[in-house]
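*Asks:* A single structure is presented below for examination.
The values are calculated or read from the model by the stated rules, or taken from the named source; none is laboratory data. All figures in this text were calculated on a predicted structure; none of them were measured in a lab. Counting neighbours? That spans all protein chains shown, and the Cβs are built from the backbone with ideal geometry, glycine included.
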Amino acid sequence: MNTAPIDDEIYDLHFYLRRSVRYHMRRAAFFMKWQRFTSFIGVVFGSAAVATFISKSPSEVAIAFALAITVASAFDLVVGTGQHAWLHNDLRKRFLELEGVLVSTPTSNELVADIKHRIRRIEADEPPSRELLNLMARNDIIRADFPAEDASKAVCNIGWLKRATANLVDWDTEKY
């Protein structure tokens, strides 16, 4: 039998839902930006004007531009950045909807059980998570909920390189 007060469970669920929304917002934004970047590379470097410019340049320049287009387009195609952006945006919306149910429904043990059940159903549709991004989303919520002095004591200190590459590299998070 769970002995934690129901208010603590509601707070924990609300925190979890808000963190999940932030996490999926970050993932969706990353994939949308990557897709726009690869589209930009393809359009600009594939245009006739650039092709004319490149043809007058040394052959290495033309090869470099062609390679850039090929690599960016292949990454976009293989990874499926567009599909990932839609998936994470959909997951974000589902967690937001669930947060709305949590805050608008009278507190009860049945509500807690229902929310937990619905969270598990959403989690079944999630791809493997990037734990460092989860920590970054957690930091966002802590900073939003608490005064700066209190928040600074509770957030994980994540270096700029790890923050910048958190969508690309599955960093070890044990030290946090």
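*Asks:* Kindly evaluate Asp76 against the criterion of being in contact with a helix residue (DSSP H, G or I) (Cβ under 9 Å, 6 or more places away or on another chain), assigned by the TED database to the domain that holds Ser20, part of a helix (DSSP H, G or I) and farther than 30 Å from Ser47 by Cα.
*Replies:* no
*Asks:* If I ask for residues that are more than 8 Å from Leu13 (Cβ to Cβ) and exposed (fewer than 15 other Cβ atoms within 10 Å of the Cβ), which ones from segment 106-120 would you list?
*Replies:* Passing the criteria: Pro106, Thr107, Ser108, Asn109, Glu110, Ala113, His117, Arg120.
*Asks:* Just for segment 1-20: of the residues that are hydroxyl-bearing (Ser, Thr, Tyr) and modelled with pLDDT of 95 or more, which one is surrounded by the most Cβ atoms within 10 Å (Cβ to Cβ)?
*Replies:* Ser20
*Asks:* Of the residues Val155, Val101, which is of a type in the set (Val, Ile, Thr) and assigned by the TED database to the domain that holds Arg36?
*Replies:* The unique qualifying residue is Val101.
*Asks:* Restricting to segment 121-164, and then to whatever is of a type in the set (Asp, Glu) and farther than 16 Å from Ala28 by Cβ, can you tell me which residue is nearest to the chain's Cα centre (by Cα)?
*Replies:* Glu131
*Asks:* Yes or no: segment 91-98 includes at least one residue that is surrounded by 13 or more Cβ atoms within 10 Å (Cβ to Cβ) and more than 25 Å from Phe30 (Cα to Cα).
*Replies:* no
*Asks:* Now a separate question. Among the residues of segment 108-127, is there at least one that is polar (S, T, N, Q), outside the structural domain of Lys33 (by the TED database) and out of contact with any Cys (no Cβ under 8 Å at 6 or more places or on another chain)?
*Replies:* no
*Asks:* While we're looking at this one, here's another question. Considering Leu102, Leu135, which residue is in contact (Cβ under 8 Å) with a residue 60 or more places away in the chain, surrounded by 17 or more Cβ atoms within 10 Å (Cβ to Cβ) and closer than 19 Å to His14 by Cβ?
*Replies:* Among Leu102, Leu135, only Leu102 is in contact (Cβ under 8 Å) with a residue 60 or more places away in the chain, surrounded by 17 or more Cβ atoms within 10 Å (Cβ to Cβ) and closer than 19 Å to His14 by Cβ.
*Asks:* Separate question: Asn167 versus (1) part of a helix (DSSP H, G or I); (2) under 30 Å from Gly46 (Cβ atoms); (3) not assigned by the TED database to the domain that holds Arg36: which is the lone unmet condition?
*Replies:* For Asn167, the failing item is (1).
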